[in-house]
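J.: One structure, as C-alpha cells, below. Some questions next.
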Amino acid sequence: MSEILPITCADFGIDAGTFPCDASSIEAVSLGLAAGGVSLLFTFWLFHKLQQAPRGNDLMNKISDQIKSGARAFLSTEYKYLAAFVVVVFAVLIILYTVDPPSGDKTDGIRYGGCFLAGALLSASAGWFGMVVATDANVRTTQAADKEGLNTALRVAFTGGAVMGFTVVGLGLFGVSLMFYLVTLGYDDFHDTKKLIYASETLAGFGFGASSIALFARVAGGIYTKAADVGADLVGKVEMDIPEDDPRNPAVIADNVGDNVGDVAGMGADLFESFVGSIIAAVALANGDITLIMLPFWVAGTGIVAAMIGYFVVGTKEGASQKDLLNALLKGTMVASIFVVGFSALIIAFLFDGRESEGWKIFGCIIIGLVAGVLIGQVTEYFTSYHYWPTKSITEAGITGPATVIIQGLGVGMISTVFPVLIIVATILGCDALSESYGIAMAAVGMLSTLGVTLATDAYGPVADNAGGIAEMAELEERVRDTTDALDALGNTTAATGKGFAIGSAVLTALSLLAAFKEKAGIKDVDIGDPVVLSGALIGAMLPFLFAALTMLSVQKAAGAIIIEVRRQFAEIPGLREGTAEADSDKCVAISTQSSVEEMILPGLYAVLSPITVGFLIGPICLVGMLAGAIASGMMLAIMMANAGGAWDNSKKYIEIEGAAGGKGTETHKACVVGDTVGDPFKDTSGPALNILIKLMSIISLTVAPLMYGFDTWETAKWGLIPLAVMILGTVCVWYFFWRETQDITADVSSNNNNNSKASPEETAKPEDTAKKEEEEVDQKAGGEDVEVAA
C-alpha cells in the first residue's frame, strides 16, 4: 500500500488542537455510543410498557405460546447451523490476517476476526430479541382489539414493532462504534491518520458478520414463512374448504410462526446490516479524516433520538379508515425525518467550522437520501395498494382467468422498476456531484437515520397479522377480527413500502461499499469495455437470478413437505375436520424448520464464496465488474419481485375487503388467489433476499480487499481455486443430502392423494353434510356430468 500521510488541522487552515480536526477516536464515536446506549434503554422501557398490556384468556395465551415456541425452535435450529459457519470464518480471518497483515501488525488477525464475531453476534441478538417481543405482543394486541378498540390495539402492535426497530439501531450503532474505537487501539508506531485508515479497513469485518447472519436469517425465514403459508392455504382453504387461520389446520401455527421469523427477525437482520453497512462505507471512504469519520456516527446517533420522538406521535381515532391508519404511521416517520434535518444541520455547523462549503455539500447529500427514501416508499405504495390503478388492473385481469392475472402482475412488477431507478440514479448523480463517493455513502446514512421508527412500522405488520390469527383460532367475536383485519391490511401496505425502502438503502450502501473496495484494493480506473470487467459484470448480473431461482425452488420443495403432512393429518386423525380432535401443529413446525435451514445452505454458499472466487481466481478488476453487475441486476429483480408480489396479494384483498369483481368465491377471486400464491415467494422470500445478496458480496469484497492490493488479473488464480472447489463440493453435498430425493416426495404426494380418497373430507364430515353431498352427486350424474371426488 502507498505511503499514508498524516492529516492535520493545518491542511484545512485551522489552528492545531482545534476540535474536531484533532479529536481522538473515542470522541469520534462518543455520540454513537451514547445514542446506542439510550436506544437500548428505550427498548427496555418499551418492553416494560408492553408487559403492562393484558394477555387475554387461557386459549389465547395457549395459541400465542405455541407461536412463540415455534419461533424459538426455528431460530435455535438456525443459529446452531450458523454457529458452525461463524466459527469457521472467524478462524479463517484470524489466520489470513495474522499471516499477511495489511498494516504489518500481527494483531490484524484478531482485529478482523473480532469484528466479524461481534457483527454476527449482535445481528443474531437483534433478530432473537425482536422476535421474542413480537411473539409476545401478538396476543396483547388481540386483547386490546377486543376490550379497548382500534387505537389501543394500534399502539400495542406498534410498540411491539418499535422494540424490533430500536433494538436494531441500538445494538448496531453501539456495536459498530465500540468496535471502531477498540480497533484503533494499539498501532503505537503509527500516526493518527494511519491508525484510522487501518481501523476503517478492519471494520469491514463487522459488516461481514452482520451480512452473513442477515442473509441466512432472510433466506431461511423467507422459505419457512412461505412454505408454511402455501401449505396451509392450499390444503386448508382450497382442499378442505376451511377458513384462514382455522385451528383445525395443522399448518396454521407454522404459518403464524413464519410471519415472525421471516418478517420480524429476517427484516430486522436485513436492515441491521444496511444500517451498519452505510456507516462502515462512509468511514472507509473518509480516508482517515477524523471529521468525516465522526459525521456518520453522529448523524446516526441523532437519528435515533429523532426516531424516539417520532414514536410518540403515532396514534389514531376509533373507527379510523385505512387512510387514517396509514397517516398515523407516516406521521411518526415524517416527524422523525424533520428532526433529522434539524439535527444534521447543527452537526454540520459544529463539525465543519472552517470547512463550511464541504460540510453543507455533505448536508445536501443527507437531505437527498432522506427524500429519496420517502419517494421510493410512495412509489411502492402506488404500485402495490389496491387504491390505485396498477393493482386494480390485476383484479380486472382476473375476469379472464389466472393466466392473465400472472401476465398482468408481471407487467406491473416490471414497469414498477422505472421510478425507483430514476430516484436512485438522481440520488447517486446528485451526491456524486456534491461530495463524490463519500456523499453517496452519507445519503445512505441519511436514508437509514430514522430506521428506529421506520422499522417499527414494518415489524408492526406481523404482530397485527398474528393478532388476527389468534382472534380466529380463539373464536372471538367478529368485531375483534374486523379490528385486527384493519390493522393487518395496514401492515400489508407498510410491509410493501418497507421492502422498497430496504431495496433503495441496499443499493446505496452496496454502491458505497463498491467504491470503498476499489480504493482499498488500489484500483484507479475501470473500463467497462475491458473484456475482463465485462465478463465480471455478466457473472454478477447472473447471480441474482440464480439466487432467486434457488430460493423459489426451495419454497416449492418445502411447501410440498408441509402439504403431505397436512393431508396426512386430515386423513388419519379422526374428528380433525369436525373440530373434535386437535391437530399436531408441532409436526408442521418441525418440518418447516428443518426444510428451511437445509435450503438456506446452497444460496448462502454461493453468496459468500462467489466474490472471493472471482476476486482471486480472475482478479480484483473482474470483481469490480461482478459487483456492479450484481447491484444493477439485483436491484431490478428485487423491485420487480417485491412489487409484483405485493400487487398480486392486494388484488386478492381488493376483492375480499372491498367486494370488487363480485366478491369472494367468484372465478375472478380464485384467479387472484392463484396470483397471490405465486407472489408470496416473490415478495417474502426471493425479492427481499436479493437486498442482502448485493450488500453481502460488497462487504466481503471490502473485507478481503487488502489481500488483493497490487495484484493483476490471474496473478492469484491458484488461491481462487480453493473457494471454487469448496463451492463445487458444497453443491454436490447439498444435492446428495437434500435434493436427490425430490422425485420420491412427488411420489409421496401422489400416494397421499390416493390414500386421502379412502379417507376423504366427505367421509369425515357430518352425516347430514355427507347425505347432501351424495344428493348433489346423483343430480350431477343425472345431468350427464362426470363427477370426481377430490382428495
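The values are calculated or read from the model by the stated rules, or taken from the named source; none is laboratory data. As the structure is a computational prediction, the values presented were derived from the model and not from experiment. Note that each Cβ is placed from the backbone with ideal geometry, even for glycine, and that neighbours are counted across all protein chains shown. Side chains are part of the model used for accessible areas, which takes the heavy atoms of the whole protein and leaves out ligands, DNA and RNA. Shrake-Rupley method; radii C 1.70, N 1.55, O 1.52, S 1.80 Å.
J.: Determine, yes or no, whether Ala590 is out of contact with any Asp or Glu (no Cβ under 8 Å at 6 or more places or on another chain), hydrophobic (A, V, I, L, M, F, W, C), modelled with pLDDT under 90 and part of a loop (DSSP other than H, G, I, E, B).
T.: Values: out of contact with any Asp or Glu (no Cβ under 8 Å at 6 or more places or on another chain): yes; hydrophobic (A, V, I, L, M, F, W, C): yes; modelled with pLDDT under 90: yes; part of a loop (DSSP other than H, G, I, E, B): no.
Here the answer is no, as Ala590 does not meet what is asked.
J.: Here's another thing I want to ask about it. Determine whether Val480 is farther than 30 Å from Gly645 by Cβ, among the β-branched types (Val, Ile, Thr) and touching a residue at least 12 places away in the same chain (Cβ under 8 Å).
T.: Numbers: farther than 30 Å from Gly645 by Cβ: no; among the β-branched types (Val, Ile, Thr): yes; touching a residue at least 12 places away in the same chain (Cβ under 8 Å): yes.
The answer is no for Val480.
J.: Can we say Ala16 is open to solvent by less than 70 Å² (accessible area, probe 1.4 Å) and among the small types (Gly, Ala, Ser)?
T.: Values: open to solvent by less than 70 Å² (accessible area, probe 1.4 Å): no; among the small types (Gly, Ala, Ser): yes.
In short, no.
J.: Taking the criterion of being surrounded by fewer than 24 Cβ atoms within 10 Å (Cβ to Cβ) and without any contact (Cβ under 8 Å) to a residue 40 or more places away in the chain, would at least one residue in the range 511-525 satisfy it?
T.: For the range 511-525, residues surrounded by fewer than 24 Cβ atoms within 10 Å (Cβ to Cβ) and without any contact (Cβ under 8 Å) to a residue 40 or more places away in the chain: present.
J.: For the range 728-736, does any single residue satisfy the condition of being surrounded by 16 or more Cβ atoms within 10 Å (Cβ to Cβ), part of a helix (DSSP H, G or I) and modelled with pLDDT of 85 or more? Can you show your working first?
T.: Quick first cut of the range 728-736, residues surrounded by 16 or more Cβ atoms within 10 Å (Cβ to Cβ) only: 730, 734.
Imposing the further condition that a residue be part of a helix (DSSP H, G or I) reduces the set to 730, 734.
Narrowing the set further to residues that are modelled with pLDDT of 85 or more leaves 730, 734.
Yes, some residue in the range 728-736 is surrounded by 16 or more Cβ atoms within 10 Å (Cβ to Cβ), part of a helix (DSSP H, G or I) and modelled with pLDDT of 85 or more.
J.: Still on this model: Is it the case, given these coordinates, that Leu602 is open to solvent by less than 40 Å² (accessible area, probe 1.4 Å), part of a helix (DSSP H, G or I) and more than 30 Å from Ala73 (Cα to Cα)? Don't jump to the end; show me each part of the working.
T.: Details: open to solvent by less than 40 Å² (accessible area, probe 1.4 Å): yes; part of a helix (DSSP H, G or I): yes; more than 30 Å from Ala73 (Cα to Cα): no.
For Leu602, the condition - open to solvent by less than 40 Å² (accessible area, probe 1.4 Å), part of a helix (DSSP H, G or I) and more than 30 Å from Ala73 (Cα to Cα) - is not met.
J.: Going by the structure shown, is Thr483 modelled with pLDDT under 90 and either under 16 Å from Arg140 (Cα atoms) or surrounded by fewer than 24 Cβ atoms within 10 Å (Cβ to Cβ) (or both)?
T.: Values: modelled with pLDDT under 90: yes; either under 16 Å from Arg140 (Cα atoms) or surrounded by fewer than 24 Cβ atoms within 10 Å (Cβ to Cβ) (or both): yes.
Against the criterion (modelled with pLDDT under 90 and either under 16 Å from Arg140 (Cα atoms) or surrounded by fewer than 24 Cβ atoms within 10 Å (Cβ to Cβ) (or both)), Thr483 qualifies.
J.: Mind telling me which of the residues Val305, Val314 ends up being assigned to a loop (DSSP other than H, G, I, E, B) and closer than 18 Å to Phe42 by Cα?
T.: Details: Val305 fails: assigned to a loop (DSSP other than H, G, I, E, B).
Just one listed residue meets the conditions, Val314.
J.: Output yes when any residue across the range 142-160 is open to solvent by less than 10 Å² (accessible area, probe 1.4 Å), touching a Phe, Trp or Tyr at 6+ places or on another chain (Cβ under 6 Å) and closer than 20 Å to Phe206 by Cβ, and no when none is. Lay out the reasoning, then the answer.
T.: Of the range 142-160, the ones open to solvent by less than 10 Å² (accessible area, probe 1.4 Å) are 142, 144-145, 153-154, 157-160.
Within this subset, residues satisfying the condition of being touching a Phe, Trp or Tyr at 6+ places or on another chain (Cβ under 6 Å) are 157-158.
With closer than 20 Å to Phe206 by Cβ added as a condition, the list becomes none.
No, the range 142-160 contains no residue that is open to solvent by less than 10 Å² (accessible area, probe 1.4 Å), touching a Phe, Trp or Tyr at 6+ places or on another chain (Cβ under 6 Å) and closer than 20 Å to Phe206 by Cβ.
J.: Same structure again: Filter the range 385-404 down to residues that are crowded, with 18+ Cβ neighbours inside 10 Å and in contact with a Phe, Trp or Tyr (Cβ under 9 Å, 6 or more places away or on another chain) and give me whichever is modelled with the lowest pLDDT.
T.: Residue satisfying both the conditions and the ranking: Tyr386.
J.: Let me ask something additional. Return the residues of the range 405-448 that are touching a residue at least 60 places away in the same chain (Cβ under 8 Å), closer than 30 Å to Glu658 by Cα and either assigned to a helix (DSSP H, G or I) or open to solvent by 50 Å² or more (accessible area, probe 1.4 Å) (or both); say none if nothing qualifies.
T.: Correct list: Val405, Ile406, Gly409, Leu410, Val412, Gly413, Met414, Pro420.
J.: Say we look at the range 98-109 and pick out the residues that are open to solvent by less than 50 Å² (accessible area, probe 1.4 Å) and touching a residue at least 24 places away in the same chain (Cβ under 8 Å); which of these is farthest from the chain's Cα centre (by Cα)?
T.: The qualifying residue farthest from the chain's Cα centre (by Cα) is Asp105.
J.: Yes or no: the range 141-149 includes at least one residue that is in a helix (DSSP H, G or I), among the hydrophobic types (A, V, I, L, M, F, W, C), in contact with a helix residue (DSSP H, G or I) (Cβ under 6 Å, 6 or more places away or on another chain) and in contact (Cβ under 8 Å) with a residue 12 or more places away in the chain. First the steps, then the outcome.
T.: As a first pass, look at the range 141-149 and keep what is in a helix (DSSP H, G or I): 141-147.
With the extra rule that they be among the hydrophobic types (A, V, I, L, M, F, W, C), the set shrinks to 144-145.
From the residues that got through so far, the ones that are in contact with a helix residue (DSSP H, G or I) (Cβ under 6 Å, 6 or more places away or on another chain) too are 144-145.
Filter once more, keeping what is in contact (Cβ under 8 Å) with a residue 12 or more places away in the chain: 144-145.
The answer is yes; a qualifying residue exists.
J.: Can you find even one residue in the range 68-91 that is part of a helix (DSSP H, G or I), in contact (Cβ under 8 Å) with a residue 60 or more places away in the chain and more than 28 Å from the chain's Cα centre (by Cα)?
T.: Within the range 68-91, none of the residues are part of a helix (DSSP H, G or I), in contact (Cβ under 8 Å) with a residue 60 or more places away in the chain and more than 28 Å from the chain's Cα centre (by Cα).
J.: Follow-up. Confirm whether Ala10 is modelled with pLDDT under 90, of a type in the set (A, V, I, L, M), in contact with a Ser or Thr (Cβ under 7 Å, 6 or more places away or on another chain) and part of a helix (DSSP H, G or I). Can you show your working first?
T.: Numbers: modelled with pLDDT under 90: yes; of a type in the set (A, V, I, L, M): yes; in contact with a Ser or Thr (Cβ under 7 Å, 6 or more places away or on another chain): no; part of a helix (DSSP H, G or I): yes.
No.
J.: Of all residues in the range 622-655, which are polar (S, T, N, Q) and buried (at least 24 other Cβ atoms within 10 Å of the Cβ)? Please lay out each step first, then the result.
T.: Taking the range 622-655 as the starting set, the residues that turn out to be polar (S, T, N, Q) are 633, 643, 650-651.
Answer for the range 622-655, where residues must be polar (S, T, N, Q) and buried (at least 24 other Cβ atoms within 10 Å of the Cβ): Asn643, Asn650, Ser651.
J.: Name, by its number, the condition in (1) at pLDDT below 90; (2) out of contact with any Lys or Arg (no Cβ under 6 Å at 6 or more places or on another chain); (3) closer than 30 Å to Arg355 by Cα; (4) surrounded by 14 or more Cβ atoms within 10 Å (Cβ to Cβ) that does not hold for Leu5.
T.: All conditions pass for Leu5, except number (4).
Here is a yes/no grid of residues against (1) closer than 23 Å to Phe419 by Cβ; (2) aliphatic (A, V, I, L, M):
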site: Val480; (1), (2): no, yes
site: Ala496; (1), (2): yes, yes
site: Ala502; (1), (2): yes, yes
site: Lys524; (1), (2): no, no
site: Val533; (1), (2): no, yes
site: Met542; (1), (2): no, yes
site: Gly560; (1), (2): no, no
site: Phe570; (1), (2): no, no
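J.: Assuming Gly579 fulfils every condition listed in (1) modelled with pLDDT under 95; (2) open to solvent by 10 Å² or more (accessible area, probe 1.4 Å); (3) assigned to a helix (DSSP H, G or I) apart from one, which condition is it?
T.: Single failed check for Gly579: (3).
J.: Report yes if some residue within the range 554-573 is open to solvent by 60 Å² or more (accessible area, probe 1.4 Å) and more than 23 Å from Leu693 (Cα to Cα); otherwise report no. Don't jump to the end; show me each part of the working.
T.: Going through the range 554-573, the residues open to solvent by 60 Å² or more (accessible area, probe 1.4 Å) turn out to be 556, 568, 572.
The next check asks that each one be more than 23 Å from Leu693 (Cα to Cα); those that pass are 568, 572.
Yes, the range 554-573 contains at least one residue that is open to solvent by 60 Å² or more (accessible area, probe 1.4 Å) and more than 23 Å from Leu693 (Cα to Cα).
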